[in-house]
Amino acid sequence: QTTIGFTGAELANLMNEAALLAAKRDKALIGMNDIEDAFLKVLTGPQKKSMKRNPKELRKTAYHEAGHAIVAHVLPTMDPVQQISIIPSGNALGYTLNPPKEDRYSVYKNELKEKISMLLGGRAAEELIFGDISGGASNDIQRATDLAKKMVTLYGMSDALGMMAPAAVQHQYLEGNAYLDCSQETSAQVDQAVQKILKNCYADACRMLTENRALLDEISEFLLVKETITGDELMAFVNADKKSEAPAETEETAEE
């Protein structure tokens, strides 16, 4: 279930990393924990547990990742969050994992918009809590911009341009890059349409985090203590938050 969407080569790479980990641990057989650790290494890069960071930066990272997780949880098309961590991995200071539950062969407008909102959830949390933003969201912004561009230039999902594809793809079956093949006027419209999608999705992320501010604080504080939390632990906070918001029974209802 964890490796849904992996190609044969990616699975081979995963098992090779798991074998190396098992060997380092003096094991004769590869265990499930080796595969899980290898999965994280392949997906996020090697963890840097010895990397020292100041408390202020750690707190910002905790809110950033909690922002991703809460937006992913609230949005109906997003897959469940599997893990959240503020341990540096690869080039990232933390990560939020929500791998797909099943193979997907099509993309849909609402799903793409919600994916963009999730990607921008970290930046939204930083601005909401600290009134400032960091460069830590650069990769999120690049990925969100790429999705918005595809919606406008390839998928015909822009209100302004409609079912027009102003981009072409070189070597489509070799994962080639798309390039604009249109007039300067249309190119300007593309930029405006991409900016509009990003702006609206960011506004949605800010709204969701504002509505779930208490949950954002709780998860962030828990991350600072534990550094890595599971999807089940996240849901425990969500369910506790729902119970606290539920109206109390009246005496009349209790008697009935």
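The values are calculated or read from the model by the stated rules, or taken from the named source; none is laboratory data. Quantities reported herein were computed from a predicted structural model and do not represent experimental measurements. So basically every Cβ, Gly included, is an ideal-geometry build from the backbone, and we count neighbours across all protein chains shown. Areas reflect the complete protein model, heavy atoms only, side chains present, ligands, DNA and RNA absent. Shrake-Rupley method; radii C 1.70, N 1.55, O 1.52, S 1.80 Å.
Show that you can apply the helix-only estimate: for the chain, add -39,500 (n - 2.57) for every DSSP H stretch of four or more residues, divide by all residues, and state [θ] at 222 nm to the nearest 500. Roughly -19000 deg cm²/dmol at 222 nm, from the helical runs in the chain. Rg and Dmax of the range 65-111, based on Cα coordinates, read 12.2, 33 Å. Principal axis extents of the C-alpha atoms in the range 92-155 (largest first, rounded to whole Å): 38, 27, 18. Based on alpha-carbon atoms, the Kirkwood radius and the radius of gyration of the range 66-187 give Rg/Rh equal to 1.01.
Here the chain exposes an accessible surface that is 51 percent carbon and sulfur, computed with a 1.4 Å probe and the other protein chains kept in place. GNM on the chain, alpha-carbon springs under 10 angstrom: the most fluctuating residue among Asp217, Asp140, Asp103 is Asp103. For the range 29-78, the share of alpha carbon pairs falling in successive 5 Å distance bins from zero is 5, 15, 12, 18, 22, 16, 9, 4, 0 percent.
Scanning residues 5 or more positions from Ala167 or on other chains, those with amide H under 5 Å from its amide H are Asp181, with H placed 1.01 Å from N in the peptide plane. When the C-alpha to C-alpha distance is required to be over 21 Å, the pairs from Lys109/Lys196; Lys27/Lys49; Lys48/Lys115; Lys52/Lys226 that qualify are Lys27/Lys49; Lys48/Lys115. Of the trypsin sites (Lys or Arg not before Pro) found in the range 79-162, the ones in coil according to DSSP and having at most 16 other Cβ atoms within 10 Å of their Cβ are Lys101, Arg104.
The mean of 1/r over all distinct Cα pairs in the chain, once inverted, gives the Kirkwood hydrodynamic radius of 20.5 Å. Amide H contacts for Ile87 (H built 1.01 Å from N in the peptide plane; partners 5 or more residues away or on another chain; cut-off under 5 Å): Tyr95.
Under the combined filter of DSSP loop state and at most 15 neighbouring Cβ atoms within 10 Å, the range 76-122 retains these GluC sites (Glu not before Pro): Glu102.
Sort 51-59, 198-206, 182-190 for me by packing, meaning the mean count of neighbouring Cβ atoms within 10 Å per residue, highest on top.
So the peptides 51-59, 198-206, 182-190, ranked by packing, come out 198-206, 182-190, 51-59.
Would you mind getting the accessible area per residue of the chain, heavy atoms of the protein chains only, 1.4 Å probe, in Å²?
60
Of the DSSP H helices in the chain, those that are both long (alpha-carbon extent of 30 Å or more along the helix axis) and hydrophobic (Kyte-Doolittle mean at least -0.5) are 184-211.
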